[in-house]
1. Quote the FRET efficiency, to the nearest 0.05, computed for C:A106 versus B:R123 with a Förster distance R0 of 60 Å and r equal to the Cβ-Cβ distance.
2. Return the sequence-ordered ³J(HN,Hα) values of the stretch B:262-278 in whole Hz as given by the Karplus equation 6.51 cos²θ - 1.76 cosθ + 1.60 applied to θ = phi - 60°, using x for Gly and Pro.
3. Among the complete DSSP H segments of chain A, which ones combine at least 24 Å of alpha-carbon extent along their axis with a mean Kyte-Doolittle hydropathy of -0.5 or more?
4. Based on the Cβ-Cβ distance of B:V60 and B:A161, what FRET efficiency does E = 1/(1 + (r/R0)^6) give at R0 = 35 Å, to the nearest 0.05?
5. Let me spell out the model: positive unit charges on the Cβ of Lys and Arg, negative unit charges on the Cβ of Asp and Glu, origin at the Cα centre of the stretch A:69-175. What dipole size does that give, in debye rounded to 20?
6. Report the Cα centroid-to-centroid distance between the stretch A:86-157 and the stretch A:175-233 in angstrom, as an integer.
7. Karplus couplings for the stretch A:102-107 from phi (6.51 cos²θ - 1.76 cosθ + 1.60, θ = phi - 60°), rounded to Hz, Gly and Pro as x?
8. What is the distance, in nm, between label points placed 7 Å from the Cα along the Cα-to-Cβ direction at B:V131 and at A:D135?
Amino acid sequence: MTAGMKLTDVRVYYSSSEPVLDLPILEPEPGKITVIAGPTGSGKSTLGHAVAGLLPFMGARAVGTLHLGEHALPLDSAKKWRGICGKLVRWIPQEPARAFTATRPLLGQMLEGIDDDLKVNEQLVTLLEVAGLPDPPELSRSYPFEFSGGMLQRAALVSAFLPDPMIVVADEPTAHLDPPRSLDLARTVTRLVRQASVTLLWITHDLRMASAVADHVVFLSEGRIEAEGEPGLLLDPSRYEPLPIVYASARLAQPL
Amino acid sequence: MKLLRRRLLASLPTLFAVITITFIIVRAAPGGPFRDEKAVPEAVRANIEARYGLDEPLAVQYVKFWRNLLTGSLGPSFQHPERSALGVLVGGAVPSLILGVAAALVALLLGLGGGTLAALRPRTSPPVSAVALIALAIPVFVLGPLLIRLFALELGWLPAALWGSPRHLVLPALTLGLPVGGALVRFWRTVLTESLDAPECIAARARGLTDLEVVRLHAAPRSLPLLLNYMAPMIAALVTGSVVVEKIFAVPGMGRYFVDSALARDYPIVIGATLIYAVALLVVHTMADLAHARLDPRLHREHNR
Amino acid sequence: MSPSGAGSSGITPLNALLLIIVIGGAVAAVFGPQLLPSQLAGGIEPLALPPGAGHLLGTDSLGRDMLARLLEGMRTTLFVGLAATLLALVIGTLYGAAAGLAGPRADETMMRGVDVALALPFMILVILLVSLFGRSMLLLFIALGLVAWLPLARVARAGVHNLREEPYLEAARMMGGSRGYVLRAHLFPQLGAPLAVYATWMLPVVMMQEAFLSFLGLGVAPPRASWGTLIADGVARIETAPWILLSAGGSLALWLIALHLAGERLARRLNVHRTTGALERTTAAGEPDGGEATA
């Protein structure tokens, strides 16, 4: 499903009086992959939490609204997000090993929050194949602790595309993967995004990977948008003083 | 099942220790069961003691006791020689068990319910904590009479004491269960709050689960081991409290017999009661450990993919 | 997301109230009986009188002034509680520190011993002891102390065990400090906080136990009063003289609540957090710094 999303007047605070994130407006292109890049502490994860409706559970104070289609969702209210969080917006956490509770079967958790069983089953089989994971019966017998980090990451990914979200937020999806797997994942994600016409926010500090998948780039620094634009932006050393090391090793990525 | 056997074997030394310690304490105490009676001629008393085998050397008594025990008998009660000590205790064990289970239910319902509420709705946390604190700090022997005064004497809704119908169970179970429940509230609130902050639970929220679903499917299962660990001290608290509650409410349970028998130096009953309590605690411990093992699939899946 | 913070927000009204109750109560208990001797009300038939003229809280069933009796009872219970806690602290710290400093096998055995002991129905054994050996304050606080030291040993051992690894201890040793010096100057101060907190938590528990035993008639003997005996008296006269139970029971409840709360606040001030098993002291940055929970 494709639809427009827009973040307005966002300011998020944790314990200090300085906002961790300060965005007057952010409007990612529907159906495309928008990369949110930036150094550690730039507020990109917080942005991910904001879009996924998770800020109330992170102990943050926030103002601002996420506009999704005809919904206007205040960032500080968990109540208003009921029916949206988990349905229209899905989120892939950073740490794959802790995305699922270790002591309960995996498939059940992947399907949590989804009501429409029939519709999902077919989709599930396809997605699992695309992601290179075992089939549903086996997954329903297995526990998260039996899988490697990479597989769990892909499981979280599959779970994020069920059943039919408008927006998927991926928080550093390749952080725990080695380069070949990262590339694999990036390809998988791109394929899924095109297939489902989902708006994907890809949060990362790996600029090389980011430039490979991005349709559009937003660069954050200290909670503010420093730049927005084409992927080539990421690789222009003259724009970004704080990251000379990364740029020293940056290479143009292969087209996907 | 192997685990069960292992745990049972491990508990034997503890049981042995309990029995021996109890035996030593009881026999080392000054006075004997028949010394405090009104003037009994020395000869007669010596006779009675001989009949019960109390004049034999301690070591002999100890061995005899074990022999009896292993054949399932504790000997006759000194206070009521016509009844066997074991019989008296078993008779008393039933009301105690009923009371204990009822109180445990009260404690669990209030404790887990209150704790969950305080964890999910932090704004309710201060009042809930405060009430829980009052509940746990009031001694049972103050709470009981107050409840009696209020519900039985003033309002007349419930019987003040004694035993017989479910209505008799209400006040004693509340008295025994409320303080334990209060402690459980604060424990569970802390544990659950921490659990809810874990990445797994955040991820679950991101999948659209409601508060209660997150608790039921993720936060609570993660916290279960801690709760199971808490069970043993909880049961111990219930057992201790029951001694006084049974006295206040005149419940014909083991607790009441225990204190009276200790004062009367009725050794078989005293040792028997201590044994039963020790066994009960060990059973709870073992069950908690077993439950822990059962519930954690990590402990019985060896293979990794 | 726990609110640590070495913060002192000064003395809040609630903290002030708690301090007043706790310290005031203790002072009253210690000195009160001197000032308010509890003689009989006089008259031929000692009667239980309701609160009123001359007797702020009424009199007990033998006609003695309730307030005076209460102060005396507080004193007894407080004394037993403090003595037992102290005993527990000493034994527990020594045992736990010894276990923590000893080699792994000795450590393991000692702590297994504690675990086994903790599995025993101790209050039952205490009741046994006290009922068999007669009623004396000495026995009372020894028996209670002997029960209370076990968890304390766990805390002490955990603390010592953790601190052993700390690099600054190595440094102190290398600079020529003897083992004894290292223990005194570094180890004990660090242990101080969790132990102090545990002790403040232990005190109300032990006092409640003393009152419990006295209530059952297994504690101190008359005419000596303990909070528990006063409450027992109150329970017996609940219909005819409810003020006895209300004043004795109410004051005990209030006192215990105040102690519990005070203990909690102290814990927060000293940055000691109750984790799953024992006590952990965290620095302001929230990193564990003292004893840790052992499985």
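1. Working: r = 50 Å, r/R0 = 0.83.
The pair C:A106/B:R123 has a calculated efficiency of 0.75.
2. So the Karplus estimates, Gly and Pro as x, are 5, 5, 8, 6, 7, 4, x, 5, 4, 5, x, 5, 4, 4, 4, 4, 4 Hz.
3. Details: long enough: A:179-196 (25 Å, -0.39).
What comes out of the filter, once short or polar helices are dropped, is A:179-196.
4. Working: r = 43 Å, r/R0 = 1.24.
That pair, B:V60 with B:A161, gives E of 0.20.
5. Values: 10 positive and 15 negative charges, 65 e Å.
Using only the charged Cβ atoms, the result is roughly 320 debye.
6. 22
7. 5, 9, 10, x, 6, 4
8. With each label point 7 Å from Cα toward Cβ, the separation is 5.3 nm.
Taken together, the values in this text are just the output of simple stated rules run on the coordinates, not laboratory data. Being a predicted model, the structure only gives us computed values, none of them experimental. Neighbour counts are summed over all protein chains in view; Cβ atoms, including those assigned to glycine, are modelled from backbone coordinates with ideal geometry.
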